[in-house]
Amino acid sequence: MNEIDPGDPGKSKLAWSDDLTVGNRIIDDDHKAFFEIAKMLHDSDGTEDRDLVVESAISILEEYVCGHFLREEKAMRSAKYPRVAAHVLQHNLFRGRIEAIGRVYRQGTKSVAVGLPDMAIDWLITHIKSDDAQYKGWIRERDVDDRPLVYLAIEAEL
Ligand SMILES: [Fe+2]
Ligand SMILES: [Fe+2]
């Protein structure tokens, strides 16, 4: 999964790497899944079923964003992490962007998906390194809701 394709340098950043760990396996797994979604979007470029892939990738991304952000926010609150508010604000801004892209795409402006994998991964890498990394050491295993992400996504909608 970490291999670099010399013919496609942009692709190399679409892989999770060990330096992105936040010290919790479940949260790391969520982050890895985001990379998989971005890679799926990237790989669909120029293929016949591009529209179908983009459509489902956007839906999965929306679900993952809601579920993963709730998982982190619950863990931070449970650990009494002091900088939750600023972190939640970053999550809300990104969720708003993804939801806006999904809306515009479904309204028929397909070009809005161009650059989505790069944008999502650039945001994610920066966010993991500058925000998620800060709760490393605060969050204990018992603070993290370990249910599958889909349950958290449903809870986030309530
Ligand atoms: Fe995260
Ligand atoms: Fe986060």
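Observations on the model:
- Across every pair of non-identical alpha carbons in segment 24-157, the mean reciprocal distance, once inverted, gives a Kirkwood radius of 15.4 Å.
- The count of lysine pairs in the chain whose Cα atoms are under 16 Å apart, excluding pairs fewer than 8 places apart on the same chain, comes to 8.
- Solvent exposure ordering (accessible area, 1.4 Å, most first) of L93, L116: L93, L116
- Per residue value of the accessible surface for the chain (all protein chains in place, 1.4 Å probe), Å²: 54
- Additional length obtainable on full extension of the chain from Q134 to V88, 0.36 nm per residue less Cα span: 15.2 nm
- Using the Cβ-Cβ distance between K32 and R106 with R0 = 30 Å, the FRET efficiency computed as 1/(1 + (r/R0)^6) comes to roughly 0.65.
- Crossing angle, helix 50-78 versus the chain [Cα axis fit, 0-90 degrees, rounded to tens]: 10
- Counting only GluC sites (Glu not before Pro) that DSSP places in a loop and that have at most 12 other Cβ atoms within 10 Å, the longest clean stretch of the chain runs over 49-158.
- Percentage relative contact order, segment 19-99, counting C-alpha pairs under 8 Å, at least six apart: 28
- Heavy-atom accessible surface of M40, to the nearest 10 Å², is about 70 Å², with a 1.4 Å probe and all protein chains retained.
- To put it simply, the accessible area of segment 24-157 at a 1.4 Å probe is 53 percent carbon and sulfur.
- D49, D145, reordered so the largest accessible area comes first (probe 1.4 Å): D49, D145
- Computed from the C-beta positions of D122 and D145 and an R0 of 30 Å, the FRET efficiency is 0.65 to the nearest 0.05.
- Accessible surface of R147 - all protein chains present, 1.4 Å probe, nearest 10 Å²: 90
- Label point distance in nm, R95-S17, each placed 7 Å from Cα along Cα→Cβ: 3.1
The values are calculated or read from the model by the stated rules, or taken from the named source; none is laboratory data. Quick caveat: nothing in here was measured; it's all calculated off a predicted structure. Every residue, glycine as well, gets a Cβ built from its backbone with ideal geometry; the counts of neighbours run over all protein chains shown. The accessibility values were calculated without ligands, DNA or RNA, using every heavy atom of the protein model including side chains. Shrake-Rupley method; radii C 1.70, N 1.55, O 1.52, S 1.80 Å.
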